[in-house]
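Asker: First the structure, then my questions, so here it is.
Coordinate-derived values only; no laboratory data. Everything quoted here is computed from the prediction, not taken from an experiment. Cβ coordinates were reconstructed from backbone atoms using ideal geometry, including for glycine residues, and neighbour counts include every protein chain displayed.
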Amino acid sequence: MQPLIDGLIYIVDDDASVREALAWLLRSRRLASEHFASAEAFEQYLAQGPLPEQPLCLLLDVRMPGTSGLVLFDRLAERGLLDAMPVIFLTGHADVPTAVDAVKRGAFDFCEKPFSDNALVDRIEQALGASLRVLEVRRVRRSLADRIAELTDRELTDRERDVMRLVIEGLPNKLIADQLAISVRTVEVHRARVFEKMEVKSAVELANRLRGL
């Protein structure tokens, strides 16, 4: 049976038997995985380059020798990696309150050992789905940024480009003004000029126009 989403699951657990059992479970569901015996080993992997451009999920043990799963989680959060790589904590009964607190701070979920295979795989697939949505949003934003960059200086001034980019992101005039350190009135003028030059009447129509360039 093919998985709903073709993604990659990272397993970080100091217990070799747990890593092997999880890898076998994922293979049986045709889900790819890579496993690491410590948080340090996973951080060394991350240091080698950017994360793959595919849906990701991290199964992370709470307690490990050396750097704990919680410390690794906080470091990943600081680097802004949690959206594209949701974290599911693997925890013993004594660590459940800690795992619950981590979920409140941005972890996707936790799974208590011994875990239900079906329940865990369900949550992994949901985490991969969340990762996929984040990647799609990023892809669209990059595409829009590229298309904006393709517009010539004759068509838009630099300031009009700045305003247009923030309009497409859905920011109201007041927040655009704050970000660009200009007045709301100036934003309104630039916004009107952008709409006129792009021959649109709304931010939604503008985004659609850019996608079609």
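Asker: Taking the Cα atoms of segment 8-137 alone, what are Rg (to one decimal) and Dmax (as a whole number) in Å?
Answerer: According to the Cα coordinates of segment 8-137, Rg and Dmax are 13.3, 38 Å.
Asker: As an exercise, use a Förster radius of 41 Å and the Cβ-Cβ distance of Ile182 and Lys104 to find the FRET efficiency, rounded to the nearest 0.05.
Answerer: E between Ile182 and Lys104, to the nearest 0.05, is 0.65.
Asker: A follow-up question, please. Any idea what diffusion coefficient segment 151-211 gets from Stokes-Einstein, in µm²/s, Kirkwood Rh on alpha carbon pairs, 20 °C, 1.002 mPa s?
Answerer: So the translational diffusion coefficient is about 188 µm²/s.
Asker: Sort 47-55, 131-139 by packing, meaning the average of other beta carbons within 10 Å per residue, with the highest value first.
Answerer: Most protected by this proxy first, the peptides run 131-139, 47-55.
Asker: What angle, in degrees between 0 and 90 and rounded to the nearest 10, separates the Cα long axis of helix 158-168 from the longest principal axis of the Cα atoms of the chain?
Answerer: In the chain, helix 158-168 runs at an angle near 50 degrees to the longest axis.
Asker: Related question: At 7 Å along the Cα-to-beta-carbon direction for both Ala119 and Asn208, put a label point, then send me their distance in nm to one decimal.
Answerer: For the pair Ala119/Asn208, the computed spacing is 4.5 nm.
Asker: Explain nothing, just the number: relative contact order of segment 151-211, from Cα pairs under 8 Å at least 6 residues apart, as a whole percent.
Answerer: About 34 percent, as a whole number.
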